[in-house]
Amino acid sequence: MVRARSSSQRHSDPPLLATRARRRGLPWWGWGLLLIALLFVVFLVWAHRPAIAAEAPPPAASFAPAEVAYGKDLAAVGNCISCHQAPGGGKPFAGGYGVVSPFGTIYGTNITPDPDTGIGRWSYLAFARAMREGVARNGSHLYPAFPYDHFSALQDRELRALYAYLMTRTPVRAENRTNGLFLPLRFRPFIAGWKLLFFRPAHWSPDAGQSAAWNRGAYLGEALAHCGGCHTPRGRLGQELKNKPFAGAFVEGWYAPPLGSTSPAVRAWTQPRLAEYLATGLSRSHAAAAGPMNAVPHNLATADPREVAALATYYARTLRDARASRAEPQLPDRAEAAARAHPLGAATFAGACAACHGEGAPMMVQDGRPALPLGSPLHEDNPADTIQIILKGLAPPLGRTGPIMPSFAASLTDAQVAELVGYMKARWGTGPDWPNLERAVGRARKGKAP
Ligand code: HEC
Ligand code: HEC
Ligand code: HEC
């Protein structure tokens, strides 16, 4: 009995204690929630960036004309306008172009010096912080659709000139568009989490073993022109994979081909050929710049030609080890076999394309345009560029009125485009056949990678 009693006492004590503790404090899951809330507050405090005081817009006369002119050049190399001007008649730098990301659309903002809707009240320090750290004047984090991961390497001389150029533009009153983002991502402090994982501010230091032109091209190309923003593949969270520089990537349903050892180009991209392509949008040895690449030479055409030559020097070097040899390529033309395999494609080509691209067509003979198989699209490991060019057509390079390649999106069905692409690949292409072409055309129409 004694034993039983003592044991019942021993067993009844702990529950009593536990009830008392429960009455006094939190259950375990309460502590868990509290811990999460605490960590979240710590995160918010850590992610907080102070606002930089608004200032009266600086008078245009306070900037030296030479600095403004240098800034104009840099803005062209940096392609600022292609994200900061709305398509179809938007005002320059007033914002409104939607950058499409897997998480939704993020709109370029108004960076004219309008005091209320633009950056008119931003001091130079606020501007430099945005460019280097991706933080707006009011302290909020900016989405990495704005390529500050590249701009962070810009030095004061370049940032001051860009600031001088932007602050002397005509102010435009235009409210920023609301981003079309998946809900939790609209909460800007989350961007700080992304930065913690992936953003490493870049620092520029010249390579003493290289020429001055190479160093200038590397600085402009990596820090300002952000060529890697399109040509370097990205991970699931949109971060550039720095261990695969210029290895090729999909942009808006197009393919920005590799600019390194895996370049699909059949002719070597030498410095003079690249300089021509980047400055005019048309390389007579290769092809015209199409799709998202079209805007790059449109901007570079207005920049200092020496800067464009430097970019070409740098990228000619990254392309040096490409599989294309310096000798003239032997281009295959398997016309009969291709027509037997794709009779419908052959007929479409003869009817819709040969007037411009067929042998002896005036466009090629009189205007000296390169033959179709000299361009990279038919030698890429995916059909994205060939399909997109057919669907969208091509605007002529800057300062020329033609010839224009029309868009075939409305006149050809998915099946017809697929047949046509299959025919062209079989006739002139290199590498394995492209599978599932019809599906790829359907996806291309929606701006998606094959
Ligand atoms: C690839 C597209 C892209 C390019 C190129 C680009 N920007 Fe932007 N920029 C953006 C986007 C998108 C935002 C808005 C980000 C956000 O809302 O978080 C932005 C924001 C900014 C901001 C912050 C403004 C604000 O209202 O918060 C500044 C300043 C800026 N860009 C300057 C430039 C300059 C200067 C260049 C050229 C050297 C440039 N950008 C090139 C996409 C781009
Ligand atoms: C907005 C995205 C974007 C940016 C920025 C960009 N490119 Fe491109 N680039 C593309 C796309 C897409 C293509 C393929 C379309 C085509 O063939 O015209 C391409 C094609 C090219 C080609 C042709 C390659 C070949 O073998 O046919 C070269 C060379 C090139 N880009 C160099 C550059 C350089 C140098 C820069 C920076 C100054 C740059 N690109 C910036 C998207 C971009
Ligand atoms: C009115 C003339 C015209 C017609 C018709 C035309 N194109 Fe083009 N095409 C051009 C021009 C101009 C270019 C750009 C300059 C260049 O690369 O030679 C071009 C470029 C291309 C390119 C990219 C060149 C490259 O190598 O990167 C492809 C691919 C192409 N066209 C396919 C076609 C197909 C397929 C058709 C028929 C459905 C067609 N084109 C019809 C004028 C035309």
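Tabulated data for the structure shown
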{"quantity": "Ranked packing of 40-46, 432-438, 121-127, 310-316, most packed first, by mean Cβ within 10 Å", "calculated": "310-316, 121-127, 432-438, 40-46"}
{"quantity": "Values of log10 I(q)/I(0), in the order q = 0.09, 0.10, 0.16, 0.17 Å⁻¹, for the stretch 210-333 under a Debye, Cα-only, solvent-free model", "calculated": "-0.24, -0.29, -0.78, -0.88"}
{"quantity": "Within a Gaussian network of the chain (alpha carbon springs, distance under 10 Å), most fluctuating of Gly431, Gly30, Gly345", "calculated": "Gly30"}
{"quantity": "Largest-first ellipsoid semi-axes for the chain, taking √(5λ) over the Cα gyration tensor eigenvalues, angstrom", "calculated": "50, 33, 21"}
{"quantity": "Residue-count net charge about Ala66 - beta-carbon cut-off 15 Å; Lys, Arg +1, Asp, Glu -1", "calculated": "-1"}
{"quantity": "Restraint check, Lys392/Lys425; Lys392/Lys448; Lys392/Lys446; Lys72/Lys195, Cα-Cα greater than 22 Å", "calculated": "Lys72/Lys195"}
{"quantity": "Burial ranking of peptide ranges 212-218, 419-425 (average Cβ count within 10 Å, highest at the top)", "calculated": "419-425, 212-218"}
{"quantity": "Additional length obtainable on full extension of the chain from Arg157 to Ser411, 0.36 nm per residue less Cα span", "calculated": "86.3 nm"}
{"quantity": "Simple Cβ-charge dipole of the chain, Lys/Arg +1 and Asp/Glu -1, about Cα centre, in debye nearest 20", "calculated": "2240"}
{"quantity": "Potential extension, Asp367-Leu237 segment - 0.36 nm per residue separation minus Cα distance", "calculated": "42.3 nm"}
{"quantity": "Length-normalised contact order for the chain - Cα pairs under 8 Å, 6+ apart - percent", "calculated": "12"}
{"quantity": "Length-normalised contact order of the stretch 335-445 in % [C-alpha pairs under 8 Å, at least 6 apart]", "calculated": "34"}
{"quantity": "Surrounding net charge for Ser123, when Lys and Arg each add one and Asp and Glu each subtract one, Cβ distance under 9 Å", "calculated": "+1"}
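Since every read-out is calculated from the coordinates, none of them should be taken as a lab result. What you are looking at is a predicted structure, and each value in this text was computed from that prediction instead of being measured. Positions of Cβ are backbone-derived with ideal geometry, glycine not excepted, and every protein chain shown enters the neighbour counts.
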